[in-house]
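Each remark here refers to the structure printed beneath this line.
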Amino acid sequence: MTMSLPREAMSPSEPPGPPESPGRRIRRRALTLMTIVLLIGIPAGYLVISANQSRDSGKKKEEKYAATGLTFAWPSKVQLRLYQVPIPRPAGKVAYYETNNWRTSRLYVQFQTPNANLDEFLRGMGTTRVALERNRITISERDQQVSGWNFDTPGPWYGLVHDQKDPHPSQDVMVSLADPNNPFVYLVSRTTP
């Protein structure tokens, strides 16, 4: 035995309306379709675009951090501030490389600058030219291998170690005065989190 559901009775005061015309039905369906596209399609499209932009950004960051060795460009302002590296302007042949691990972060920087700017650079670090010692290699073998620097070439070479208490970074500096008018500076700045 099957049960039948009760049907809604038509109101006696409302006469049945005329059947829906084909034009009205098409407009109603078009309006419904447009509403679905606006409510679902546009947000879905935005998500696809956003995902692609995020993926592209991640690839660029991955390339940046996968780089090994010096990158011929200026370090960011944040890096210069964090590692307290006051590269003077003008400076040429600027290159840098950053390494990070859970114990120590290092910024390797090299640049060439006019002789007068060497004093400005050293002052910015909190030291002077007097602290430079002739033929003192202050950048370790490990750091030389990481950066690709070689201090066996004819100099004259000058070095200094600028130690600071944590959380301030400590710097190892090498200066080549092979061209006394335009010294070349090599620096490793270390900070411990």
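Values computed for the structure shown
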quantity: Segment R25-R123, length gained on full extension (0.36 nm per residue, minus Cα span); calculated: 27.1 nm
quantity: Net lengthening on full extension, I137/R55 (0.36 nm per residue, minus Cα-Cα); calculated: 25.1 nm
quantity: Sites V48 and K77 - FRET efficiency at Förster radius 45 Å, r taken between beta-carbons, to 0.05; calculated: 0.85
quantity: Whether region 124-186 is rounded, prolate or oblate, judged on the alpha carbon gyration tensor where a/c under 1.5 counts as rounded; calculated: oblate
quantity: 1.4 Å probe accessible area per residue over region 87-151, in Å²; calculated: 55
quantity: Burial ranking of peptide ranges 175-183, 156-164 (average Cβ count within 10 Å, highest at the top); calculated: 156-164, 175-183
quantity: Semi-axes of the equivalent ellipsoid for region 59-163, Cα gyration tensor, largest first, Å; calculated: 24, 17, 14
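The values are calculated or read from the model by the stated rules, or taken from the named source; none is laboratory data. Owing to the predicted nature of the structure, the values given are computational and were not obtained by experimental measurement. Don't worry about glycine lacking a Cβ; one is built from the backbone with ideal geometry, like all the others, and counts go over all protein chains shown. To get the accessible areas, we keep the full protein, side chains included, count just its heavy atoms, and leave off ligands, DNA and RNA. Shrake-Rupley method; radii C 1.70, N 1.55, O 1.52, S 1.80 Å.
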